[in-house]
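J.: Quick one: the structure is below, questions incoming.
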Amino acid sequence: MANLTTTTVKSRLRGVVFDMDGTLTVPVIDFAAMYRAVLGEDKYKRIKKESPTGIDILHHIESWSPDKQQKAYEIIADYEQQGIDKLQIMPGAAELCGFLDSRNIKRGLITRNVKKAIDIFHQRFEVIFSPALGREFRPYKPNPDPLLHICSAWDIQPNEVMMVGDSLKDDVACGKRAGAFTCLLDETGRYKPDDFSVSGLHPDFKVETLSEIQNILETNFDLNA
């Protein structure tokens, strides 16, 4: 665990909002293959070179013609269905949620996946997040609106909430823009210090496993809601 900020006075924390794919669930979707299928090899390589921290595929297809958009969404839906078929809860997720419940800390979910995937996650693993927003909620991450919506529903200020996710460009950006604390889950060492400098996005905390987050919360925050 690397604490990327130094705090002398503990801030109050009343809620944690999670990304789903690659955060609450084990990453199984081959995003690179999906992006290639949607964009084509040449366009994929060009956009990847221009966007080293990740490709926002939903943003790229928004300006396409309706017919072309429909084909793109069908490809994305096929890959997402493969992800649903192989859905596994991330190690440490259930235990972390149990800890949050024991401290009366609210937990929500924001994903760029569809609501169907959220519903299946809830049913299969019986760990419920509320509110739980899919990409049907517009605008989606990295826009801060989904996180601000959850804060409003909870009647909690964004600076009393942490956003946890595995994407710098989506999850950390969403949290930062909303004014929340951010925690980047980086299991494989995907992100380097240069990525933070180039993007201008510096997560408050960075972990390799969800199991590390309980200690971060207990050490750095006032959890007495």
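J.: Could you go through the stretch 144-155 in sequence order and give the Karplus-derived ³J(HN,Hα) for each residue, using 6.51 cos²θ - 1.76 cosθ + 1.60 with θ = phi - 60°, rounded to whole Hz, and x for Gly and Pro?
T.: 3J(HN,Hα) across the stretch 144-155, in whole Hz: x, 4, x, 5, 5, 4, 5, 4, 5, 4, 7, 6.
J.: Report the rotationally averaged projected area of the chain based on its alpha-carbon convex hull, in square nanometres.
T.: Reported value for the Cα convex hull: 11.9 nm².
J.: As a check on your grasp of the helix formula, calculate [θ] at 222 nm for the chain: sum -39500 (n - 2.57) over DSSP H runs of n ≥ 4, divide by the residue count, round to the nearest 500.
T.: When only DSSP H runs of four or more count, the value is -12500 deg cm²/dmol.
J.: Quick one: if you stick a label point 7 Å off each Cα along the C-beta vector at residue 187 and residue 30, how many nm between them?
T.: The two pseudo-label positions are separated by 1.7 nm.
J.: For the chain, give the percent of accessible area contributed by carbon and sulfur heavy atoms, probe 1.4 Å, rounded to a whole number.
T.: 48
J.: Go from 0 up to the bin containing the longest alpha carbon distance in the stretch 31-86, width 10 Å each, and give me the % of pairs per bin.
T.: 24, 54, 22, 1
J.: Taking H placed 1.01 Å from N in the peptide plane, check which residues at least 5 places from residue 16 or on another chain put their amide H under 5 Å from its amide H.
T.: Sorted by chain and number, the residues that satisfy this are 106, 107, 108, 162.
J.: Along the Cα-to-C-beta direction of residue 222, a point sits 7 Å from the Cα; which residues of the stretch 145-188 have their amide N less than 17 Å from that point?
T.: Output list for this probe position: 156-162, 181.
J.: Within the chain, what percent of beta bridges assigned by DSSP are antiparallel, to the nearest 5?
T.: The antiparallel proportion sits near 15 percent.
J.: Solvent-accessible area per residue for the stretch 31-86 at a 1.4 Å probe radius, Å²?
T.: Value for the stretch 31-86: 61 Å² per residue.
J.: Continuing with the same structure: At what distance in nm do the modelled label points of residue 63 and residue 48 sit from each other, each positioned 7 Å from its Cα along Cα→Cβ?
T.: Each label point is offset 7 Å from its Cα along the Cβ direction, giving 2.2 nm.
J.: If you don't mind, there's one more thing I want to ask. Convert 10 °C to kelvin, take the viscosity as 1.306 mPa s, use the Kirkwood radius over C-alpha pairs of the stretch 166-225 as Rh, and evaluate the Stokes-Einstein diffusion coefficient in µm²/s, rounded to a whole number.
T.: Values: Rh = 12.2 Å.
In µm²/s, the coefficient is 130.
J.: Which value in nm describes the separation of the simple spin-label points at residue 157 and residue 88, placed 7 Å from the Cα toward the beta carbon?
T.: 4.2
J.: With Cβ to Cβ distances under 13 Å as the rule, what net charge do the other residues near residue 221 carry (K, R +1; D, E -1)?
T.: For residues surrounding residue 221, the net value is 0.
J.: To continue, here is another question. Which order do 18, 125, 31 take when ranked by solvent-accessible area (1.4 Å probe, heavy atoms of all protein chains), largest first? Kindly include the intermediate steps, with their values, before the conclusion.
T.: Numbers: 18 0, 125 55, 31 85 Å².
Most to least solvent-accessible, the answer reads 31, 125, 18.
The values are calculated or read from the model by the stated rules, or taken from the named source; none is laboratory data. In this text, all values refer to a predicted model and were calculated from it rather than measured experimentally. For neighbour counting, all protein chains shown are included, and Cβ atoms are generated from backbone atoms with ideal geometry for every residue, glycine included. Heads up: the accessible areas ignore ligands, DNA and RNA and are worked out on the full protein's heavy atoms, side chains in. Shrake-Rupley method; radii C 1.70, N 1.55, O 1.52, S 1.80 Å.
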